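A.B. asks: For reference, the structure I am asking about is given below.
The values are calculated or read from the model by the stated rules, or taken from the named source; none is laboratory data. It should be emphasised that the depicted structure is a prediction, and the values quoted were computed from it without experimental measurement. Here the Cβ positions follow ideal geometry from the backbone for every residue, glycine too, while neighbour counts run over all protein chains shown. Heavy atoms of the whole protein, side chains included, go into the accessibility calculation; ligands, DNA and RNA do not. Shrake-Rupley method; radii C 1.70, N 1.55, O 1.52, S 1.80 Å.
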Amino acid sequence: MIDINLNKVSKSYGFDIVLNNIDLTINKGEKIALIGPNGSGKSTILKMIAGYENINSGDISIRKGISIGYLSQIPEDNDILVKDYIYNTFKELLDMKEKLEYLEKNLGSDIKSITKYTKLQEKFIDMGGYEFETKISKVLAAFEITKEMLERNFNTLSGGEKTIVNLATILLKNPSILLLDEPTNHLDIETLEWLENFLIEYKGTILLISHDRYFLDKVATKTILLENGHTKIYFGNYSYFLEEDERRTLAEFENYKTQQKQIEKMKESIKKLREFGRLAGNEMFFKRAKSIEKRLEKIEVLEKRESKKLPIKINSCSKTGKDVLVIKNLNKSYGDNVIFNNFNMGVFGGEKVQLKGKNGSGKSTLIKIILGNDNDFSGEIKINPSVKIGYIPQEIKFDNESNTILEYFLENHSGSETQVRTFLAKYMFYGENVFKRLKELSGGERVRLLIAKLVLKQTNFLILDEPTNHLDISTRELLEENLKEYKGTILFVSHDRYFANKIVEREINL
């Protein structure tokens, strides 16, 4: 049974064609991973299915009667208490419960009022009325949504907390179809593993975008590659995709080479026949040449498949001393919430150290303290004087979001406009894209821009807070390889298990 069908769907933004006559069929119960480079249109497809984005042409058919739960990559603001935001999921049941309680208090002995109460109670039971509070408690516990968080305004939450609350709310609705755009961003390992198991057991249909390779391997049973506006289907998880895609790529390259040889031979035949025609003065040779030329025009020329790779090469400058960072007796609290109590740690020159811990354990707070962005603490922080820090934050915000990409780089780096534009083109900011406002950049574009900045900056101590969030898989792999070769010191936070395992030499648990 088909849940969703996209037929010849196209989408463009001005002259930028994102999707070009794509066909996509999603069957009931399938768990599909939608993968592809940043900017290939993955999020656009989810938004179109969810009804948040219009299509330029084509048709999207959704099976009648099914419900859709959509998790956006970037959560929207909502001026409401978290508990109300979550409990609104069960508004109908809550209203029904209130009405049942009222009828119980005012229940008469007449058949009419008893029948009214009984019918409403049966409906309440059928809709899971006596289980929904237990269900909420289980999901809140799984996502570690505390009583304190429930009393906060949704707008005061961090990006990660908003994602967690949104994900919990969607799962509570138990929709027929889950559309998940980067659901693993900001999740700690325990919550991530819980989500994996939940989705494996989930009976509905799932279409998800994720750059977490372990997560894709565990959850997805089918993979769809979105590239150059078209889709390719692979009937397996991400590891299967890698093997099958390599096999297809080699086969396509062989077909490409064979076709190119055939085309060259036909061109050579045309050239020779025309030459013979001129020498012999025989029209027959020209007719044969014309016939081959027509056949050549009808050939659908295969494209040589080439992947664009960013030139990620973050070089370290001068070496630091043995002790790069020393923290002694650190104390930090938010009201009654103690984050650090006489905490001690050290980072040595050339180490690659991962900060680990549950959400709320203080990983990002510790980084802010190290960088000098939070001075409300007691204790001693010593940074080697020779240290030159490069930093990628979890939530990337620029000082002047109204600046264009080009203006931002011209302000921060020497060089002519031509030189800067040539450099930016290597990071996929080319043509009119360089005039895009910073406030309009996606998460992936923001990370790419900071990586480009780091490439030009002289550093010997990288501090990275979830650096792979929003990066596509190929860019993550390039970043991994470069960081493995980086000669300086790295202190990082990452919930991408594959990335962390590639880089880490030592772990510090908070």
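A.B. asks: Looking at this structure, is E133 modelled with pLDDT of 85 or more, part of a helix (DSSP H, G or I) and open to solvent by 40 Å² or more (accessible area, probe 1.4 Å)?
C.D. replies: no
A.B. asks: Same structure again: Of everything in region 146-170, what is open to solvent by less than 40 Å² (accessible area, probe 1.4 Å), among the hydroxyl-bearing types (S, T, Y) and modelled with pLDDT of 85 or more? Give them in sequence order.
C.D. replies: Passing the criteria: only T169.
A.B. asks: Another one. Tell me, which residue of region 272-282 that is touching a helix residue (DSSP H, G or I) at 6+ places or on another chain (Cβ under 7 Å) and not hydrophobic (A, V, I, L, M, F, W, C) is farthest from T249 (Cα to Cα)?
C.D. replies: Taking region 272-282 first, the residues touching a helix residue (DSSP H, G or I) at 6+ places or on another chain (Cβ under 7 Å) are 273-274, 276-277.
Filter once more, keeping what is not hydrophobic (A, V, I, L, M, F, W, C): 274, 277.
Working: R274: 37, G277: 42 Å.
Filtering region 272-282 for residues that are touching a helix residue (DSSP H, G or I) at 6+ places or on another chain (Cβ under 7 Å) and not hydrophobic (A, V, I, L, M, F, W, C), the one farthest from T249 (Cα to Cα) comes out as G277.
A.B. asks: Could you list, ordered by first residue, the pairs with Cβ atoms under 9 Å in which the first is in region 128-144 and farther than 13 Å from F90 by Cβ and the second is open to solvent by 20 Å² or more (accessible area, probe 1.4 Å) and among the small types (G, A, S), at least 6 apart or interchain?
C.D. replies: Between residues of region 128-144 that are farther than 13 Å from F90 by Cβ and residues that are open to solvent by 20 Å² or more (accessible area, probe 1.4 Å) and among the small types (G, A, S), the close pairs are E144/G360.
A.B. asks: What residue, among those in region 234-274 that are in contact with a Phe, Trp or Tyr (Cβ under 8 Å, 6 or more places away or on another chain) and open to solvent by 80 Å² or more (accessible area, probe 1.4 Å), is nearest to S210 (Cα to Cα)?
C.D. replies: Y240
A.B. asks: Scan region 486-503 for residues that are within 17 Å of G357 (Cα to Cα), of a type outside the set (A, V, I, L, M, F, W, C) and open to solvent by less than 10 Å² (accessible area, probe 1.4 Å) and jot them down.
C.D. replies: Across region 486-503, the qualifying residues are S494, D496.
A.B. asks: Which of the strands (runs of 3 or more DSSP E) contained wholly in region 29-120 include at least 3 residues that are modelled with pLDDT of 85 or more and more than 30 Å from A141 (Cβ to Cβ)?
C.D. replies: Strands (runs of 3 or more DSSP E) meeting the threshold: 57-62.
A.B. asks: Just to check your reading of the model, which residue among G379, G390 is under 18 Å from D323 (Cβ atoms) and part of a strand (DSSP E or B)?
C.D. replies: G379
A.B. asks: Within region 197-233, take every residue that is touching a strand residue (DSSP E or B) at 6+ places or on another chain (Cβ under 7 Å) and part of a helix (DSSP H, G or I) and give me the one that is surrounded by the fewest Cβ atoms within 10 Å (Cβ to Cβ).
C.D. replies: Among those residues, the one meeting the criterion is L199.
A.B. asks: Something else about it: Specify the residue that is modelled with the lowest pLDDT; the eligible residues are those in region 460-485 that are under 29 Å from K332 (Cβ atoms) and either of a type in the set (F, W, Y) or surrounded by fewer than 21 Cβ atoms within 10 Å (Cβ to Cβ) (or both).
C.D. replies: Step one: list which residues in region 460-485 are under 29 Å from K332 (Cβ atoms), which gives 460-470, 483.
Now drop any that are not either of a type in the set (F, W, Y) or surrounded by fewer than 21 Cβ atoms within 10 Å (Cβ to Cβ) (or both), which leaves 461, 483.
Details: F461: 92, L483: 85.
Applying the filter and picking the extreme gives L483.
A.B. asks: Return a yes/no flag: does region 435-442 have any residue that is farther than 21 Å from H186 by Cα, under 22 Å from the mean Cα position of the chain (by Cα), in contact (Cβ under 8 Å) with a residue 12 or more places away in the chain and open to solvent by less than 70 Å² (accessible area, probe 1.4 Å).
C.D. replies: Yes, region 435-442 contains a residue that is farther than 21 Å from H186 by Cα, under 22 Å from the mean Cα position of the chain (by Cα), in contact (Cβ under 8 Å) with a residue 12 or more places away in the chain and open to solvent by less than 70 Å² (accessible area, probe 1.4 Å).
A.B. asks: Among all residue pairs at least 6 apart or on different chains, which show Cβ distances below 7 Å where the first residue, located in region 93-118, is open to solvent by less than 50 Å² (accessible area, probe 1.4 Å) and the second is small (G, A, S)?
C.D. replies: Once the first residue is open to solvent by less than 50 Å² (accessible area, probe 1.4 Å) and sits in region 93-118, its partners that are small (G, A, S) give L93/G129; M96/G129.
A.B. asks: Sticking with this structure for a sec: What is the number of the single condition among (1) within 31 Å of the chain's Cα centre (by Cα); (2) open to solvent by less than 70 Å² (accessible area, probe 1.4 Å); (3) modelled with pLDDT under 90; (4) of a type in the set (D, E) that E293 does not meet?
C.D. replies: The one condition E293 does not meet is (1).
A.B. asks: Can I ask one more? Anything in region 158-188 that is of a type in the set (S, T, N, Q), touching a Ser or Thr at 6+ places or on another chain (Cβ under 7 Å) and not in a helix (DSSP H, G or I)? List them, or say none.
C.D. replies: S176, T184, N185
A.B. asks: State all residues of region 303-337 that are at pLDDT 80 or above and open to solvent by less than 90 Å² (accessible area, probe 1.4 Å); if no residue qualifies, say none.
C.D. replies: D323, V324, L325, V326, I327, N329, L330, N331, K332, S333, G335, N337, listed by residue number.
A.B. asks: Of (1) surrounded by 12 or more Cβ atoms within 10 Å (Cβ to Cβ); (2) closer than 24 Å to I145 by Cβ, D79 satisfies all except one. Which?
C.D. replies: Among (1) surrounded by 12 or more Cβ atoms within 10 Å (Cβ to Cβ); (2) closer than 24 Å to I145 by Cβ, the lone unmet condition for D79 is (1).
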